[in-house]
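Below is one structure, written out as structure tokens, with a few remarks after it.
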Amino acid sequence: MSQFQIEGGTQLSGELSVQGAKNSVLPILAATLLNRDETVLLGCPHLRDVDASVEILQSLGCGAQWEGNSLAVNTAGLNKSTISDRLMREMRSSAIFLGAILARCGEAELSYPGGCELGPRPIDLHLAGLRTLGAEIREEGGILHCKARHLKGCTVVLSMPSVGATENLMLAACGAEGTTSIVNAAREPEILDLQNYLAACGVPIKGAGSSAITVVGGKRLHKCTYSIMPDRIAAATYLCAVASAGGEARLLRAQEEHLATVTAVLRESGCSIVSDDEGLVCRRTEKLRAVHPVRTAPYPGFPTDAQAILMAALLKSDGATVFEENIFSDRYRHVDELTRMGGNIRVAGRVAVVMGADRLRGAKVRATDLRGGAALCVAALAAEGLTQVEEIHHIERGYEDLVRDFTLLGAQIFRTGE
């Protein structure tokens with residue numbers, strides 16, 4: 001069984017280049033189905049979820065080939081519209097393929113997606129929006145049978161700004177006749193990255209980054225080469241690693257405009273963060289202090305993906321910090337593991353209170369999900385002795401090489417097992 005072994009107590013120092021964004025590349029890989037030619041994605045991260053997406057593409061008859069950090073995808077050979085249950089269960093974001101397959105093939109068959117267990121993440125909004133565009137969808141035994149021979153552009157109003165539903169509708173709208181307006185759309189930077197990719201392929205699309213996106217469908221897409229944006233959650237992880245361990249690090253490519261709520265909280269806690277043309281420099285020399293309540297919210301609010309990671313960084317801070325999780329109902333599964341290391345955390349429903357502990361100690365812990373696993377690694381940097389993090393396959397879904405990156409910053413970390 002593979003695990004990370006982390007020896008705490010070493011201040012960080014060094015620099016690294018932030019990987020391409022996981023939450024950008026996955027919908028863009030689905031979007032390549034709309035392009036009946038080749039797409040070359042630059043700065044594509046080598047991740048388990050990317051591998052799962054590539055396997056889905058290949059199962060549909062498409063080609064994909066790596067060359068360093070570039071991934072060339074050719075979807076000219078698409079010959080299927082069905083994704084197996086096994087592949088769908090690999091990750092939650094597999095649902096994003098539905099809109100693209102419907103736009104390209106006019107039909108699709110797939111099961112409900114898998115991924116981290118963070119509480120209910122229904123795709124009802126996805127299905128309702130696709131039905132508004134003209135798709136016929138029925139469920140039978142956990143399988144979605146979808147037909148959309150004549151998608152028609154219209155106005156789709158989302159009841160909440162769901163990232164996945166927004167992306168699915170953007171992709172489906174590319175195959176619809178006329179203009180589609182998505183109202184109350186998600187505003188995350190990854191939505192803008194998807195729009196920029198589609199525009200680079202020739203889609204008339206605008207509005208991403210605001211709450212209203214407009215797509216003119218029915219256009220033939222052309223081949224393109226596109227660079228994936230840097231991963232803001234990976235950058236947040238390394239900022240919190242410095243906050244936890246102390247020291248100073250430069251994060252090349254990190255964009256503070258995507259991380260403003262995270263950097264604001266870290267500055268409040270006592271970190272110095274400076275932004276320049278190359279990225280961000282984070283320094284922490286004094287003991288951290290508690291901050292005002294941290295409430296997760298859709299972008300531009302505090303990201304739910306950074307909640308566990310920030311919590312880990314504040315475990316030894318002076319005072320008490322309140323966290324309120326407003327996105328997922330089961331996103332405190334990492335708390336029990338952090339308490340094994342000496343963390344003083346109390347949870348009541350959607351609220352968790354972190355009361356600063358004097359010491360953290362190394363322990364054997366297990367990653368319960370992607371970001372919770374990263375949080376354990378961040379906490380381990382500030383712990384006395386050795387921490388063994390098990391079930392690291394969760395972490396490797398979202399971090400290209402955590403050992404490499406932490407080592408570049410001077411951390412004592414090793415990966416053992418197969």
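The values are calculated or read from the model by the stated rules, or taken from the named source; none is laboratory data. These numbers were taken from a predicted model, which means no experiment stands behind them. Ideal geometry is used to build each Cβ from the backbone, glycine not excepted, and the neighbour counts take in all protein chains shown.
Screening residue 399 against (1) in a loop (DSSP other than H, G, I, E, B); (2) over 22 Å from the mean Cα position of the chain (by Cα); (3) modelled with pLDDT of 95 or more leaves a single unmet condition, (2).
Annotation: of all residues in segment 402-418 being among the polar types (S, T, N, Q) and more than 23 Å from the chain's Cα centre (by Cα), the one that is surrounded by the most Cβ atoms within 10 Å (Cβ to Cβ) is 412. Inside segment 310-362, residues that are within 20 Å of residue 261 (Cα to Cα) and of a type in the set (A, V, I, L, M) make up a count of 13. Taken over segment 315-332, the criterion of being modelled with pLDDT under 95 and among the basic types (Lys, Arg) is satisfied by 331 alone.
Go over the candidates 262, 291 one by one and state the one that is under 29 Å from residue 384 (Cβ atoms), touching a helix residue (DSSP H, G or I) at 6+ places or on another chain (Cβ under 6 Å) and part of a helix (DSSP H, G or I). Checking each option against the conditions leaves just 262. Among the residues making up segment 12-39, those that are assigned to a helix (DSSP H, G or I) and of a type in the set (Val, Ile, Thr) are 25, 28, 32. One residue stands out among those in segment 247-270 that are among the small types (Gly, Ala, Ser) and under 13 Å from residue 281 (Cα atoms): the one that is surrounded by the fewest Cβ atoms within 10 Å (Cβ to Cβ), which is 247.
Got a sec? Which of 139, 107 is touching a Cys at 6+ places or on another chain (Cβ under 7 Å) and surrounded by fewer than 17 Cβ atoms within 10 Å (Cβ to Cβ)?
Numbers: 139 fails: touching a Cys at 6+ places or on another chain (Cβ under 7 Å).
Among 139, 107, only 107 is touching a Cys at 6+ places or on another chain (Cβ under 7 Å) and surrounded by fewer than 17 Cβ atoms within 10 Å (Cβ to Cβ).
Looking at 202, 207, can you tell me which residue is at positive phi and within 23 Å of the chain's Cα centre (by Cα)?
Only one candidate qualifies: 207.
Based on this model, can you work out whether residue 67 counts as under 22 Å from the mean Cα position of the chain (by Cα) and not assigned by TED's automatic domain parsing to the domain that holds residue 397? Considered against the rule, which asks whether it is under 22 Å from the mean Cα position of the chain (by Cα) and not assigned by TED's automatic domain parsing to the domain that holds residue 397, residue 67 comes out as no.
Those residues that are without any contact (Cβ under 8 Å) to a residue 40 or more places away in the chain, assigned to a loop (DSSP other than H, G, I, E, B) and among the aliphatic types (A, V, I, L, M), I need them from segment 327-380; list them, please. Of everything in segment 327-380, those that are without any contact (Cβ under 8 Å) to a residue 40 or more places away in the chain, assigned to a loop (DSSP other than H, G, I, E, B) and among the aliphatic types (A, V, I, L, M) turn out to be 327, 363, 367.
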